[in-house]
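I have placed the structure first, in the form of structure tokens, so that the comments after it can refer back to it.
Here, each number is a calculation from the coordinates, and none is a lab measurement. From a predicted model like this one, the values you see are computed outputs, not experimental measurements. All Cβ positions, even for glycine, are placed from backbone atoms using ideal geometry, and neighbour counts span all protein chains on display.
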Amino acid sequence: MVVGPNDKRLTTNDDFHMRIAYLECFSGMSGDMFLGALIDAGVPPRLLEETVAALGVGAHLEISRVVRSGISATKVDVWVEGEKDLPREQYWAKQDVARAPSAAKSKHENGHLHDHDHLHGHEHEHSRAGAPAPHTHKHSRGLSEIREIIGKAAVSDTSKKTAIAIFEALGAAEAKIHDTSIEKVHFHEVGAVDAMVDIVCASVGAEALGVDEIVCSPLNVGGGTVQCTHGTFPVPAPATVELLKEAPVYSTGVQAELVTPTGAAIVKTLAKRFATFPEMKIEKSGYGAGSREFPGHPNVVRLTLGEAAPSLTARAASETITVLEANLDDLNPQVFGYVMDRLLEEGALDAFGMPVQMKKNRPGALLTVLCKPEDTSKLTELIFAETTTLGVRRRDEVRQTLARRWENVRTQWGEVRIKVASMNGTVTNYAPEYEDCRRIAAEHHVPLKTVIQEATRAYIGSPQK
């Protein structure tokens, strides 16, 4: 219900009783913290233990109760080959002595340091002392092998797809940072096992929650610096920054890495939106503990389950869009029409013009474009290239939209698509697609208004209506 790769649907609220989960990352987010919160919120520990066994990678879970700054929480540790996962700084503290000779030996044997060594210990929370040296393909797994292992596991197809999507998000972030392809990204053998356990268990556990969506709070990323394979970096680590693009983040000043790349990848894939605590009828909550203790700061993540309040489910979906504006007082009107067409062809959600009175009492036009944030640069360049404006204003706004779907109806001249809008499962608006009607009218020499009327009658009388 809640998850699926690339399933970033907005809340359409077609159900009156929508169950939601709210993930509060006031002390960051990591894979093991999320697993602890899932169990604490009611996901059976046996389900996650069976999931680990189904992977067949020689790992097992250790589940315990701990207290973090007075908060009782569930702690999940992953054990692989007799070693327990460690926070990154503890891993490197134990590796410092052995790391230099291992790297030197690998460089001598192979002639270079492999560019995937950044994933040794995962640029991820589950590095461990005593792990093999990072610089050999013998001890690494690529995404293709990881996909194969997950694909063979005895878990649901939905969980498999979600887990693979999380891994691919993690790999894509690392590939971009290191200027390589996602298929060339390799995970150190032990780190890959930790990551697979966290990610597959997170996918199975999220599905088991039985919620319609997971909403995430802004994330506290921490501060200070962290040691990575390639040196010391500021917190958040490079992969975490890449994964959390467009997500709201902040820091309370805790000098530690609070959001790990694995935690960021899980949030990026599972959370449908970021918001403050939503209106809901709380059913239960769970706390997942991190490994470290911070004085006066509970190192936990909280997962709260409940039913969305009726006032919330009655609302339309929300999304962030970018608004571009430009004032034009010396543009040929013929060019204006061309620019509008080009903007729509290049992905603008909408484009329109309004007459305005400009400085020196010149009549002009205000060009307004609505677009997805990721299309902002492309469409701004188009406006500069095709119009005479010297400046383009931009701002982000939140818009609410009704749930929309397409239905086909058959007329005597052919099929016409009907755009149907609904709220809470009730149809509020419907209209024949103009382009379909225009094409039929031209091909069959029928008045356009007649085609529109016929398509509307066909929809009103259809069984789906």
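Just check the range 312-465 against the gyration tensor rule for me: Cα atoms, a ≥ b ≥ c as the square roots of the eigenvalues, rounded for a/c under 1.5, and otherwise prolate or oblate depending on whether a/b exceeds b/c. Cα axes put the range 312-465 in the oblate bin. Under conditions of 4 °C and 1.567 mPa s, the range 212-323 yields 81 µm² s⁻¹ as its translational diffusion coefficient, taking Rh as the Kirkwood radius over Cα pairs in the Stokes-Einstein equation.
Calculated on the alpha-carbon coordinates, the convex hull of the range 175-252 measures out at 140 cubic angstrom per residue.
Karplus-derived 3J(HN,Hα) values for the range 260-267, using 6.51 cos²θ - 1.76 cosθ + 1.60 with θ = phi - 60°, are 8, x, 5, x, 5, 5, 5, 4 Hz; glycine and proline are entered as x. Peptide packing for 42-51, 238-247, 397-406 was compared via the average number of neighbouring C-beta atoms within 10 Å per residue; ordered from the highest value, the list is 238-247, 42-51, 397-406.
Highest-first packing order for the peptide set 26-35, 353-362, 171-180, 156-165 is 26-35, 156-165, 171-180, 353-362, based on the mean count of other beta carbon atoms within 10 Å.
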